[in-house]
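Following: one structure in structure tokens, then a few remarks.
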Amino acid sequence: MKILVVGGGGREHALVWKLAQSPTVTDIIAAPGNAGIAELARCLPVAADDIKGLVRLASEERCDLTVIGPEIPLTMGIADRFADEGLAVFGPSKSAARLEGSKWFAKELMQRAGIPTARAWATASREEAISHVRELGAPVVIKADGLAAGKGVMIAASEDEAISAIDAVLTEGRFGAAGSHVLVEEYLEGEEASILAFTDGRRIAALAPSQDHKRALDGDRGPNTGGMGAYAPAPVVDKRMLADIERDVIMATVRTLAEEYDAEYRGVLYAGLMITDDGPKVLEFNCRFGDPETQVVLPLLDGDLAEIMMSVAVGELDPSSLGVTDQAAACVVMASGGYPGAYEKGKRIHGLEIAGSMEGVVVFHAGTADSKGATVTAGGRVLGVTGTGPALPDALDRAYAGVAAISFDGEHHRTDIAHRALENTEDPKTGGRDGA
Ligand code: AMP
Ligand code: GLY
């Protein structure tokens, strides 16, 4: 099988790494890829949102399957264009990708299907939005409807703050077209978890529950980022809860999309959940793999990723063809100084080979580039160092040993990845995974 992977971050490096382990894969191309991906795949300079260029590339190179990493090409309809050309693609159609592209659409679907989620209202009217804020009281969550690169969610501690957030979306147009409507949403309390599941539109197969760390600094302080680290399995979701989520959230969503919206979802569906005292509730859907969740769930996937993705693309997923190992994985993101604000690029990265040769350590590149034979920083999130081991503490030790071997000017990372799992665990050796 010859596979094209679209994207160039840590998520795509993890996808390429797992695909390269498949005995049926003969050749991998990445567009545009990065310096780490280049060790496993041929990287070609076609941008992830250049849909015409990607269709042409997949046709000319006679790729058997194209895997779409990021959400933007999916919400633009790349899967539909590939299907039009008879090219196999892993990723949902434009109409199914509305689950991520429009928070309003996702909320309407969940309300219709009775999927547990925060109460919310969507409106283009400032007055109406404010009256819902008064109804819910603070804290309250204000969201721009469309894609806003993770910046469209504002948690307002007071009603005044909520009104400023509504104005930022509706009046000041800070989110452009993504802000034509605003969602006023009930604030949920609890611990977050991510469930990623393969689906061909009819059947589903979930990966290990994981947890991301969105804040820049230890103790969940500082600004929001794309994700500073992740671990799996997250003990906050035990086996029974996972089964409930598979049935009441993932399956219910896929079925409702097909039955009520005539949209067949083929790809990976990502549910971001808040585990509240009343059980899991959906915060958001993504129509793609999470980053950095992918860097911890794929090392725990027991199965042939290329075969699984192809079976999803052609609508013949066999959930029994994959499983989840009983290992644990943790990923620590090494970021550029200043990230998520402004940062410098082009810093030379030292120690990659040493870290990469450690047992149970894989270094995934996120924002890197090759400069005259040296690997240099080229993004805010630079690397994701994943450790895998029999239990979470082993995985963490390995990840942090890898991090300690690597350096670059201005580097920063969190030192408390998986702190919630460790705090909630009675027996730290098991990482809480026997608590199911
Ligand atoms: P989203 O992009 O919808 O996942 O939101 C980004 C982050 O905002 C989430 O990971 C949560 O930390 C937080 N968030 C979103 N919706 C809510 C909510 N209804 N209640 C509390 N926190 C929320
Ligand atoms: N890690 C969060 C996301 O991929 O959206």
Worksheet item: What number, rounded to the nearest 500 deg cm²/dmol, is the helix-based mean residue ellipticity at 222 nm of the chain, given -39500 (n - 2.57) per DSSP H run of at least four residues and division by all its residues?
Response: -7500 deg cm²/dmol
Worksheet item: So, in Å, what gap is there between the alpha-carbon centers of the range 375-415 and the range 22-64?
Response: 26
Worksheet item: So which of LYS2/LYS345; LYS18/LYS372; LYS151/LYS345; LYS107/LYS151 end up more than 25 Å apart by C-alpha?
Response: LYS2/LYS345; LYS18/LYS372
Discussion item. Along each principal axis of its Cα atoms, how long is the range 1-151 end to end? Whole angstroms, biggest number first, please.
Written reply: 58, 31, 27
Practice prompt. Could you check what % of the DSSP bridge pairs in the chain are antiparallel, to the nearest 5?
Written response: 80
Worksheet item: Which GluC sites (Glu not before Pro) does the range 116-172 hold that lie in a coil by DSSP with at most 16 other beta carbons within 10 Å?
Response: GLU172
Response to the item:
Ranked on Cβ counts within 10 Å of their own Cβ, fewest leading, ARG240, ARG126, ARG414 go ARG240, ARG126, ARG414
Worksheet entry | Span from the the range 312-360 Cα centroid across to the the range 201-225 one, whole angstrom | 13
Practice prompt. Rank the residues VAL333, VAL46 as a footprinting-exposure proxy: fewest other Cβ atoms within 10 Å of their Cβ go first.
Written response: VAL46, VAL333
Worksheet entry | Virtual spin-label span in nm between ALA83 and ASP397, 7 Å along Cα→Cβ | 4.9
Discussion item. In Å, what Kirkwood hydrodynamic radius results for the chain from the alpha-carbon pair distances?
Written reply: 21.9
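Each value in this text was obtained by applying a stated rule to the coordinates, not by laboratory testing. All values derive from a computational prediction rather than experimental measurement. Because the Cβ atoms are built from the backbone with ideal geometry, glycine has one as well, and the counts that use them run over all protein chains shown.
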